[in-house]
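Data first, discussion second: the structure below is written as structure tokens.
The values are calculated or read from the model by the stated rules, or taken from the named source; none is laboratory data. Please read all numbers here as calculations on a predicted model, not as lab measurements. Using ideal geometry, Cβ is built from the backbone for each residue, glycine included, and neighbour counts are taken over all protein chains shown. For accessibility, only protein heavy atoms count, side chains too; no ligands or nucleic acids. Shrake-Rupley method; radii C 1.70, N 1.55, O 1.52, S 1.80 Å.
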Amino acid sequence: MINLNIYRCYFKKYTYKDGLLDNNSKCVLQTDDGTLWFGTSTGISKFKNEKFSNLSYGALFKLQGPINCLFQDNSKNIWVGGKNGVCFFKKVNDTYLPIYFKLPTNVSEYNVWSINQDLNGSIWVGTYLAGLFKLEGNQFVNMSSITAQALENVLEIEFDSLNNLYGATLNGVLVYNLKSTVLLGQNKPIEANE
């Protein structure tokens, strides 16, 4: 018999009463300085030194809620995905300056669900209802035309050591070879050297 008393865990729950912007938290990111960023239905809460600081939607923060994903790129900038857009927080010294991107799509309402960076440093965005996007220069380009099938839902994006993009969709897994710009894995197995 196992004595479960030695495995006691203690949890502390933070709510709006403690300073969290909203009790509906959808994502979390920890940055190198130990700050925790929480995406909520009404904006972002940052938690550092046992205190919350909040950024609500408005003139400075144009993104609409809910916040579905948070990502820190190789340059330590923070990317935030929400309803109808992406916000990029450029790190300047100890502060972050927000820059808003509206994705080029004909869909009136969409949600950004995933943000990631490939091995070349390019930022990719996966959405619900608007497809897959890649940042080229200062604007996002819709990459959904890489497949003949309608690619409107890319809910999670990951890259392997060969820089192949894996996209979790509502119709299976999208695998895209960035070097050859070929969609892999639909009619043949993926080879290790591809």
Handout entry: Per residue accessible area in Å² of the range 19-101, where ligands, DNA and RNA are left out and the probe is 1.4 Å
Key = 49 Å²
Handout entry: Filter on K51/K102; K90/K134; K62/K102; K12/K62; K26/K46 - keep pairs with C-alpha separation over 20 Å
Key = K51/K102; K12/K62
Handout entry: Set of aspartates and glutamates with alpha-carbon distance to K91 below 14 Å, sequence-local pairs under 8 removed
Key = D32, D33, D73
Fill in the blank from the handout: A chain fully extended from E50 to K12 at 0.36 nm per residue, minus the present Cα-Cα distance, gains in nm 12.5 nm
Completion exercise
Low-density loop trypsin sites (Lys or Arg not before Pro), the range 57-110, at most 15 other Cβ within 10 Å, DSSP non-H/G/I/E/B, are K76, K102
Fill in the blank from the handout: By the C-alpha gyration tensor axes a ≥ b ≥ c (rounded if a/c is under 1.5, else prolate when a/b exceeds b/c, else oblate), the shape of the range 98-176 is oblate
Exercise for the section: Mind running the shape call on the range 1-139? Use the C-alpha gyration tensor, a ≥ b ≥ c as the square roots of the eigenvalues: rounded below 1.5 for a/c, prolate if a/b tops b/c, oblate otherwise. Expected result: prolate
Handout entry: Other-chain or far-sequence residues with amide H under 5 Å of N84's (modelled H)
Key = Y110, N111, V112
